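Presented below is the structure to which this report refers.
The values are calculated or read from the model by the stated rules, or taken from the named source; none is laboratory data. Here the structure is a predicted model, which means the values were calculated and not measured. Every residue, glycine among them, receives a Cβ derived from its backbone with ideal geometry; neighbour counts consider all protein chains shown. These area figures cover heavy atoms from the full protein model, side chains too; ligands, DNA and RNA do not enter into them. Shrake-Rupley method; radii C 1.70, N 1.55, O 1.52, S 1.80 Å.
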Amino acid sequence: MAKHKDGVNVRELINEKKTTLNTNRLIEAFIPKFLMVIATISIFTTLGIILTLLFETVEFFKAVPFLDFFTGTKLKPLGENAQFGVLPLLTGTIISSVIAMAVAIPIGLMSAVYLSEYASDRVRRILKPILEVLAGIPTIVYGFFAFTFVTPILRAIIPGLEPTNILSPGIVMGIMIIPMVASLSEDAMSSVPNAMREGALALGSTKLEVAWKVVVPAAMSGIVASFVLAISRAIGETMIVTIASGSTKNFTFDITQSMQTMTAYIVEVTGGDAPAGSTLYYSLYAVAMTLFVFTLIMNLIAQYISRKYREEY
Amino acid sequence: MQIAVPERETKNNTSFTTNTPKDKKVVYDTKDLNLWYGENLALKNINLPIYENEVTAIIGPSGCGKSTYIKTLNRMVELVPSVKVSGDILYREKNILGKSYKVEELRTNVGMVFQKPNPFPKSIYDNIAYGPRIHGIRNKKILDEIVEKSLRGAAIWDEVKDRLKENAYGLSGGQQQRLCIARCLAIEPDVILMDEPTSALDPISTLKVEELVQELKKDYSIVIVTHNMQQAARISDRTAFFLNGEVVEYSETDKLFSNPSDKRTEDYITGRFG
Amino acid sequence: MQIAVPERETKNNTSFTTNTPKDKKVVYDTKDLNLWYGENLALKNINLPIYENEVTAIIGPSGCGKSTYIKTLNRMVELVPSVKVSGDILYREKNILGKSYKVEELRTNVGMVFQKPNPFPKSIYDNIAYGPRIHGIRNKKILDEIVEKSLRGAAIWDEVKDRLKENAYGLSGGQQQRLCIARCLAIEPDVILMDEPTSALDPISTLKVEELVQELKKDYSIVIVTHNMQQAARISDRTAFFLNGEVVEYSETDKLFSNPSDKRTEDYITGRFG
Amino acid sequence: MKYVDAAQVQKKMNSRLTVNNIAKSLFLAATLIGLVVLVILFYRVISQSMGWIDLQFITNKLSTMADRAGIMGAIMGTLWLMLVVAPITLFLGVGTAIYLEEYAKKGRLQRFLQTNISNLAGVPSIVFGILGLTIFVRAAGLGNIVLAGGLTMALLVLPIVVVASQEAIRSVPGYLREASYGMGATKWQTIKNIVLPASLPGILTGVILALSRAIGETAPLVVLGIPALLIPLPEGIFDKFTVLPMQIYYWTIDAALVAEYANLAAATIVVLLFILLVMNSIAVIIRNKFQRRF
Amino acid sequence: AACGNANNNGGNEGTSEGASAEGGEELEGSVVIDGSGTVFPFMSVMAEKYMTEAQEGVSVEVSRAGTSAGFKKFLVEDGTDFNDASRAIKDEEKAQAEELGIDVKELKVALDGLTIVINKENDWATELTEQEIIDIFLAEGGKKNWSDVRPEFPDEPIKTYGPNENHGTYEFFWEVILEEKDLAEGTNLQQEYSTLVDLVSKDKNAIGFFGYGYYESNQDKLTAVNVDFGNGPVAPSLDTIAEDGDYAGFTRPVFTYLNTNMAKEKPQVLDYAIYTMKNAQAVAADTGFAPLTDEQINTYVEELEGLK
Ligand SMILES: Nc1ncnc2c1ncn2[C@@H]1O[C@H](COP(=O)(O)OP(=O)(O)OP(=O)(O)O)[C@@H](O)[C@H]1O
Ligand SMILES: Nc1ncnc2c1ncn2[C@@H]1O[C@H](COP(=O)(O)OP(=O)(O)OP(=O)(O)O)[C@@H](O)[C@H]1O
Ligand SMILES: [Mg+2]
Ligand SMILES: [Mg+2]
Ligand SMILES: O=P([O-])([O-])[O-]
């Protein structure tokens, strides 16, 4: 290897630095372990959530029988004869989520179909980011919007609608979730191969028929997964309902009424900081646990759907 | 599709009127067709009559415009946003490039089979029934009949008759391609366009599809694009040789392969290029 | 890389010891090499000595295992998780497939140039200095010298000397490829492996790289994979012809092209297939 | 035997085309609903904040008197919060992403981590609030200071950074890695010198999106307990603090006390939206500018 | 507006000399206050005044979880320094304080009139007797419709509203006025006063109760019921709300409770307490409360000075 008559001899330099090779080996052995520790922090977060909720939830169920909690239709956490039935909160949560989905699913899906099947590239490039802005607006702003704008309009239309009610925050929550449904569904539809569209178009289909009979069915799992994720998001949404639905613990299915969701209950009870040790305080954790389990199941379902039913085309 | 006429090249060097059979009915007549992808002229002054109940083969090297031409015949080429066309294509005497022509109607009359089999991710039955259904046929009994007839027509009935409810993706590539042909037969088209329908298939499936094409020409007019000259020679009645977006030669298949009148055709069919 | 020995095929039908020059030093000696991608045997019983200060060309049709082989020489093939190997590769008499062999050290001695130029998204200077730096050379003056020397070595110094701080992506494809060669020279390897280094380049750039290879063989041993038989004939001293993962023939380039001893080699170099 | 009756097809054709056209307009209208809401929302907050946003409003401290109240405290609180969230999420997020993409063997552990992160992304923010209250505020005894809020928010937005970083790392082409390995670089050298610099734009975009989420979050902070009246500006991560959304929250519910608070809330919303818009624009610019440089 | 109006500074120039003005000592540190939402307007204005006019270095944080919730944070180790309350401390709360060794000092800061509010469109129930009000809010009394109260009232259901059990106002109403009898079924209890104001202002059949300050800030949206305690209807106002005033029936003192351990430990806490008492009259007037007498104030100030 006598090829370096003049100048530096890199080979020699590299050989001199053999030590670097050794430190490199140490680093190389250390880094994966270190990164693994970092990666497990996310697991510890989940674990932390579960344990935090679990301990206090157990305390709660020492004071309130399990069955009373899940079948009780009366929630009166304060005052003399406290009662801890979670059903009013469950119905509040479910109803607001159902309203939200009733808004978000059709509009989101139609937007997705429009963006993926009808819109030109240019239109799509303009509209999609605008939709995403909608998703980035803080929920407190939506709460304000629901309370000061949507509710008064609805009250003008629907007589008997209470000033705080579950309908208005439900609708606004739906609007907030539209981009999520639209964007995820659009992704699913765009990944349907063009050959499928061409096949349908060549049979004389209109674009609607292509979209409805071919693309949407083919992308169904992605679309459904987007719905489930959106539901999970609606269940966990807090500020909109807190501001616009009041804190009445109504057990009812009348959407014109004020109702409280699980999330809003947590806000109310913490109310700046919750006093430790009381049943009221523990009820916070029991409700949070219920909420957590709910959303966890939704998220797992969404992941299961999109993994299991990944379309084979 | 914009119908624009930018700097038309009218070197009318392709004229095949001499060898036009007088007794054959013309299904498609292409007149002075030019097609641009953006600025790029992909079809140059095409003039080409297509005859009823014949198999017309289109051959030529890669990129010469075969697919573009066949996709112009059912206006699928419009899916590319930058496409511009000038000239006329008369289908059954009506200009399909006219504004008022409904492309859905055209495509109902003109079926298409693609290079890669593209069944829908549905059951075999629903694949076939798709076309009739969008045209408003809902009657279960009629649909059953159509499905059977189409599958028989595509010579695949025996292979699938016991699994009509199964997903089409469970079929082999060759079966999928025949399924796509059956799907296209289900709406009883007038013309069938095929863009290299066998290039993704194994030799045995290819043979089956070739036989099928021979069979189908009794009832349909077929235009088939192929890379494979032997295939063109085997199954077609008439062959057009495309080169760089132009029709170099168009005549009876026998004549074109045995006695090409253009040097370039000869070079191509003897494998000198392409 | 797992060193497993599943059902070894030992039809030792390739033996080139006859035409081995006695005066040449062997840099790499491959012995009974088999390589599997999962279940798929991609290299079959390879035996191949590579000589010092020669250009060794590897030719063969697509998929025959050329890239796989050359990537085995610096163990880059390990990046594919499913790879399994059996046999020995001796580099300077040490078995690089041994557990204790440090792959980083091997790759420091054996540079590689890829099919597509792949400069880092950094400045020209930083591209060249990358290797020395990772090997611990930080001294600015020494780095400057290395950069200049390497760029001169790759015959690109004059073209880039005024823009060393600019991003390498501003260079043309041919310049990028020479930059990659320079980058590889910067750590003064012993052997340079090149996998179709000119296939993404225009003819003029190709010529420059070919000239460079000729120049470099004075100081380095070079193994070059190429699709282009003319190129192999032009620049190599010795050529190996691969087919279906086997070495069909290996001899001096002149001999292989003028007087192949295997029918398949002859068929391939006369363009009968591939 | 003809099953498909041409006349019938013809007749049906027109209605099919009409339906298609109606559907198209309907779908477009659905898409535009979002746009309309956005316009209304912006119009409302902007018109309601008219005359309330000026330099004084930005630079003044909080006050019970509407014409004197400013949001400097909330802005500083938001800034300090970001100073906690950004480095933590960057470090944890990128570390996790590198581990998952480069080191973890494709197997159970990797899948478990990935599932866990997806789930964490879906946990309601208020539950994170409870986590923060229990662990950071109470157990660790930090109280409701910037650090406690920042740690809570960091865990909340961590999945965003992880997923964005994973995507960015995945999109670094294999040939760059190969080139680096080919020079004798070790895995970590390759990651540090090649993979991370090349994926930096994607990672930064993810961090900015995560920060904008953190800036807008209210629920977890409500749970942590932020005082309704806090006038002094926070001077470090160990101070008590308030942030823009909390200020909006309090002013919204206190509008019953002082009507002008509604205007202050609107004005604060405008400021918050402006900040978010700027951050998102930066993210978009980074994404467009550095996309596909290799 | 109660605490936002501009003439805030005008009326109280004389009293704004702070406790620290005498010492002239610069204090720092924080004072943490939680508790009553009713007292919050008073206390937040006081805190701001203190921080701008007396001690800039001190940070006074005011929250308003409600009287009862506030006590739970006050009566713990390392709890809050002050707890605002719209009712007096209960015996069990006192016991709790004793247990923890917290020495609690009650500071009455002003008087509030519990105000009964109705919708602006409600033109029939603008004057009610004390008993009628009680009957409306009681579960057992059968006053479900307005016409049950008086036959000439419309035959429409009464909708009752009030702050929830977190609030001292609720407890005062329930304990003192309803004498601990069950509240009417379906009474809409809310955490936030803003929600209550909004609800009553939008519901024609609404009747609700809360502190006078919240009514005063929303006179344009709500009507206050003039209450007949036996001597003819009395409108709540700063003049009638007094311990011996015409509105005395619904008048209650509002407090802040001081943790004297904290006051001894942290000079700023004590300083703030003294400052609060010295300025209580002026701030009360500005925030919808009736002021205490000079005599009461002086007693408190002296007692507090004694803690030094
Ligand atoms: N969507 C498109 N946009 C722009 N140019 C296109 C498009 N499709 C095809 N072209 C160009 O038009 C010319 C003809 O293409 P076409 O696909 O018709 O060739 P072909 O004869 O079918 O080739 P092959 O045998 O490879 O299928 C080519 O130069 C091609 O690059
Ligand atoms: N990463 C991989 N995983 C599995 N199989 C592979 C992989 N890379 C290559 N192969 C297979 O190994 C065989 C040899 O491939 P290789 O890339 O070495 O061929 P080649 O001679 O370089 O071809 P070309 O001239 O096209 O580059 C092929 O059959 C190929 O399909
Ligand atoms: Mg083609
Ligand atoms: Mg290769
Ligand atoms: O907020 P309260 O004064 O009613 O406790």
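Kindly tabulate the residues in region D:109-131 with an accessible-area decrease of at least 30 Å² between the chain alone and the assembly of all protein chains, using a probe of 1.4 Å.
The answer is D:113, D:115, D:116, D:119, D:120, D:122, D:123, D:124, D:126, D:127, D:130, D:131.
So, taking all protein chains as they sit and a 1.4 Å probe, how much accessible area belongs to residue C:227, in Å² rounded to tens?
90 Å²
What FRET efficiency would be calculated for the residue pair residue A:23, residue D:42, taking the C-beta separation as r and a Förster radius of 45 Å, to the nearest 0.05?
Values: r = 56 Å, r/R0 = 1.25.
E between residue A:23 and residue D:42, to the nearest 0.05, is 0.20.
May I ask for the angle, rounded to the nearest 10°, between helix E:40-49 and the longest principal axis of chain E, with both axes built from Cα atoms and the value confined to 0 to 90°?
The angle comes out near 30 degrees.
Just the number, please: buried accessible area between B and D, total of both chains, 1.4 angstrom probe, nearest 100 square angstrom. Before the final figure, lay out the partial values.
Details: alone 13010 and 16890 Å², together 28570 Å².
The summed interface area works out to 1300 Å².
Run the helix sum for chain A: -39,500 (n - 2.57) per DSSP H stretch of 4+ residues, divided by residue count, reported at 222 nm to the nearest 500 deg cm²/dmol.
Details: 13 runs with 211 residues, N = 313.
-22500 deg cm²/dmol, from helical runs alone.
For residue A:40 and residue E:103, FRET efficiency with R0 = 51 Å and r from the beta-carbon atoms, rounded to 0.05? Intermediate results must be reported in sequence, preceding the final value.
Numbers: r = 48 Å, r/R0 = 0.94.
With R0 = 51 Å, the Cβ-Cβ based efficiency is 0.60.
What percent does the relative contact order of region C:105-199 come to when contacts are Cα pairs within less than 8 Å and at least six residues apart?
It comes to 55 percent, rounded to a whole number.
Find which of C:111, C:139, C:150 sits farthest along the positive direction of the dipole of chain C, computed with +1 on the beta-carbon of Lys and Arg, -1 on that of Asp and Glu, about the Cα centre.
Positive-end residue among those listed: C:139.
If you average the sequence gap of Cα pairs under 8 Å that are 6 or more apart and divide by the length of region B:33-99, what percent do you get for the contact order?
Working: 61 pairs, mean separation 24.8, N = 67.
Answer for region B:33-99 is 37 percent.
Ignore the peptide's own chain and count Cβ atoms of other chains within 10 Å of each Cβ in D:138-144; give me the average, rounded.
On the way: counts 3, 1, 0, 1, 0, 3, 4.
That works out to 2 on average.
How high is the relative contact order of chain E, in percent, with contacts defined as C-alpha pairs under 8 Å that are six or more residues apart? Don't skip to the end; give the middle numbers.
Numbers: 624 pairs, mean separation 82.4, N = 308.
Taking the mean separation of contacting Cα pairs over the length of chain E, I get 27 percent.
From other protein chains only, count the Cβ atoms within 10 Å of every residue's Cβ in D:12-20, then give the mean.
On the way: counts 5, 8, 2, 1, 10, 6, 1, 3, 9.
That average works out to 5.
Can you send over the carbon and sulfur percentage of the accessible area for the protein assembly as shown, probe radius 1.4 Å, protein chains only?
Working: 31360 of 57650 Å².
Here it works out to 54 percent.
Can you tell me the orientation of helix A:220-236 relative to chain A, as the angle in degrees between its alpha-carbon axis and the longest Cα principal axis, to the nearest 10?
Taking the Cα atoms of chain A, the angle to A:220-236 is about 60 degrees.
Out of all DSSP beta bridges with both ends in the protein assembly as shown, state the antiparallel percent to the nearest 5. Kindly include the intermediate steps, with their values, before the conclusion.
Numbers: 80 of 135 bridges.
Counting only bridges with both partners in the protein assembly as shown, antiparallel ones make up about 60 percent.
Excluding same-chain residues fewer than 8 positions from residue E:221, which aspartates and glutamates have a Cα within less than 12 Å of its Cα?
Residue E:221 reaches E:121, E:198, E:203.
Treating only the Cβ of Lys, Arg, Asp and Glu as charged (+1, +1, -1, -1), what charge dipole size does chain D show about its Cα centre? Round to the nearest 20 debye. Show your work: numbers first, answer last.
Working: 23 positive and 12 negative charges, 307 e Å.
It comes to approximately 1480 debye.
Among A:165, A:66, C:164, whose Cα sits farthest toward the positive end of the charge dipole of the protein assembly as shown (+1 at Cβ of Lys/Arg, -1 at Cβ of Asp/Glu, about the Cα centre)?
Going by the charge dipole, the pick is C:164.
List the residues whose amide H sits under 5 Å from the amide H of residue B:91, counting only those 5 or more places along or on another chain, with H placed 1.01 Å from N in the peptide plane.
Long-range HN contacts for residue B:91: B:29, B:96.
How far apart, in nm, are two points set 7 Å out from the Cα along the Cα-to-Cβ line at residue A:33 and at residue D:67?
6.8 nm
Rounding to the nearest 10 and keeping the result within 0 to 90°, find how far the Cα-based axis of helix A:121-136 lies from the longest principal axis of chain A.
60 degrees
Could you let me know the centre-to-centre spacing of region A:200-270 and region D:24-91, using Cα atoms, in angstrom?
Answer, in whole Å: 25.
Based on the Cβ-Cβ distance from residue B:158 to residue D:2, what FRET efficiency comes out when R0 is 22 Å, to the nearest 0.05? Write out the running numbers ahead of the final one.
On the way: r = 24 Å, r/R0 = 1.10.
My answer for the efficiency is 0.35.
Would you mind putting B:49-55, B:166-172, A:137-143 in packing order, based on average other-beta-carbon counts within 10 Å, highest first?
On the way: B:49-55: 19.6, B:166-172: 16.7, A:137-143: 25.3.
In descending order of packing, they fall as A:137-143, B:49-55, B:166-172.
Taking springs between alpha-carbon atoms closer than 10 angstrom, which of E:134, E:118, E:241 fluctuates most in the Gaussian network model of chain E?
Maximum among the listed residues: E:134.
What are the residues of region D:228-255 that lose 50 Å² or more of accessible area, with a 1.4 Å probe, going from their chain alone to all protein chains?
The answer is D:229, D:231, D:249, D:252, D:253.
How many angstrom separate the Cα center of region B:50-117 from the Cα center of region C:20-78?
51 Å
In region A:285-309, which residues give up 30 Å² or more of accessible area once the other protein chains are added, compared with their chain alone (1.4 Å probe)?
Output list: A:285, A:292, A:299, A:303, A:307.
State, to one decimal in nm, how far the label point of residue C:37 lies from the label point of residue C:254, with both points 7 Å from Cα in the Cβ direction.
About 3.8 nm, to one decimal.
Counting partner chain Cβ atoms within 10 Å of every residue's Cβ in B:186-196, what's the average? Please list the in-between numbers first.
Numbers: counts 3, 5, 7, 4, 1, 0, 0, 1, 0, 0, 0.
Averaged over the peptide's residues, the number is 2.
Say the cut-off is 18 Å between C-alpha atoms; which of B:66/B:116; E:266/E:308; C:25/C:94; C:102/C:149 go over it? Let's see the in-between values first.
On the way: B:66/B:116 16 Å; E:266/E:308 10 Å; C:25/C:94 14 Å; C:102/C:149 28 Å.
From the list (B:66/B:116; E:266/E:308; C:25/C:94; C:102/C:149), the Cα-Cα distance tops 18 Å for C:102/C:149.
As I understand it, the dipole of chain C uses +1 on the Cβ of Lys and Arg and -1 on the Cβ of Asp and Glu, about the Cα centre. Which of C:83, C:175, C:226 lies farthest toward its positive end?
Towards the positive end, the residue furthest out is C:83.
Distance between Cα centroids, region B:131-204 to region E:65-141: provide it in whole Å.
Measuring centre to centre over Cα atoms gives 80 Å.
Going by average Cβ density within 10 Å per residue, which order do the peptides A:103-111, C:27-35, B:202-210 take, highest to lowest? Walk me through the intermediate numbers first.
Details: A:103-111: 23.9, C:27-35: 19.9, B:202-210: 15.8.
Ranked by mean Cβ neighbours within 10 Å, highest first: A:103-111, C:27-35, B:202-210.
Nearest 100 Å², what total accessible surface is buried between chain D and chain A (probe 1.4 Å)? Walk me through the intermediate numbers first.
Details: alone 16890 and 17740 Å², together 28130 Å².
That pair hides around 6500 Å² of surface in total.
Might you tell me the accessible area per residue for the protein assembly as shown, computed with a 1.4 Å probe and given in Å²?
Details: 57650 Å² over 1463 residues.
It amounts to 39 Å² per residue over the protein assembly as shown.
Cross-link list A:76/E:73; A:76/E:90; D:61/D:240; E:108/E:143; B:84/D:12: which exceed 24 angstrom alpha carbon to alpha carbon?
On the way: A:76/E:73 21 Å; A:76/E:90 21 Å; D:61/D:240 14 Å; E:108/E:143 36 Å; B:84/D:12 30 Å.
Exceeds cut-off: E:108/E:143; B:84/D:12.
Give me the dipole magnitude in Debye, nearest 20, for chain C about the Cα centre, with unit charges on the beta carbon: positive for Lys and Arg, negative for Asp and Glu.
Details: 38 positive and 38 negative charges, 123 e Å.
Dipole size: approximately 600 debye.
Any idea what the dipole of the protein assembly as shown comes to, in debye rounded to 20, about its Cα centre with Lys/Arg Cβ at +1 and Asp/Glu Cβ at -1?
On the way: 145 positive and 169 negative charges, 1901 e Å.
Taking the Cα centre of the protein assembly as shown as origin, the dipole is about 9120 debye.
Is any helix in chain D, taking whole DSSP H runs, at least 20 angstrom long along its axis by alpha carbon and on average at least 1.0 on the Kyte-Doolittle scale, and which ones? Don't skip to the answer; put the middle values down first.
Working: long enough: D:6-49 (64 Å, 0.87); D:72-98 (38 Å, 1.96); D:108-122 (21 Å, -0.29); D:146-170 (34 Å, 1.71); D:196-216 (30 Å, 1.47); D:261-290 (43 Å, 1.77).
Length and hydropathy pass: D:72-98, D:146-170, D:196-216, D:261-290.
Simple spin-label model, 7 Å along Cα-to-Cβ: residue C:116 to residue E:294 in nm?
Once both label points are built, they end up 9.2 nm from each other.
Buried accessible area for the A:B pair, summed, 1.4 Å probe, in Å² rounded to 100?
Details: alone 17740 and 13010 Å², together 29050 Å².
Interface between A and B: roughly 1700 Å².
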